[in-house]
Structures are given as C-alpha cells and as structure tokens.
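Worksheet: the structure to be examined is printed underneath.
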Amino acid sequence: MDILYSKNVRSFTMLHTDFLDCEMLNSNEKILLAILMRYDSYGKNNPPTTFPSFAGLARKSGLAEKVVKITLKALEEKQLICKYICKNKWRST
C-alpha cells in the first residue's frame, strides 16, 4: 500500500484489490485498517504522525466507539496490528 504526498496532489492511500476481496476480514476490520494505513510512515522523509484516538477512529469510520475497540482487539488477535507505547521526547513525564 502506498501513500502519495505532494503539495499539488491530494494524498491518498492505495488499497490492493486482494485486500478488499479478503474474506478473512469483515467490513469493520477493513475500514479501520484502511484508516490506520493513512497514519503509517513509509519512509524517512515522511514526518511522524500520531495515531487517532478511539473517538477519532469512530468519527472517521462512522462506527460506534465500542465497535472500534472490539474491532481493533480482533485485528490484534489476527496479528494484523499491534499496540505499543512511544514516549514523546517533547513531553515531560
């Protein structure tokens, strides 16, 4: 999946047809994965981005926040995503 960044072109995320046709994923899992792909950095030249909150994912996907949490858990169990905590070097803890 590729993401294009340019000042003159709207950014987009390319989804392969086999991803869309995959019967191992339900529609909620596909939409959340597609949204999360937008936040992935593909190169050193891309600035780091913060992943959206549960509420942010719910707004972007049109799903209820509870459904987002359940779906993300299912994606973790399928080992398609993983959670990890990054410490922000600009924030004091």
For the range 10-31, what are the residues that are among the basic types (Lys, Arg) and exposed (fewer than 10 other Cβ atoms within 10 Å of the Cβ)? Arg10
Would you be able to say whether some residue in the range 72-83 is modelled with pLDDT under 90, on the phi < 0 side of the Ramachandran plot and open to solvent by 60 Å² or more (accessible area, probe 1.4 Å)? yes
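The values are calculated or read from the model by the stated rules, or taken from the named source; none is laboratory data. Note that this is a predicted model, so its numbers are computed, not measured. Virtual Cβ from ideal backbone geometry, glycine too; neighbours counted across all protein chains shown. Just the protein is used for accessible areas: all its heavy atoms, side chains included, with ligands, DNA and RNA removed. Shrake-Rupley method; radii C 1.70, N 1.55, O 1.52, S 1.80 Å.
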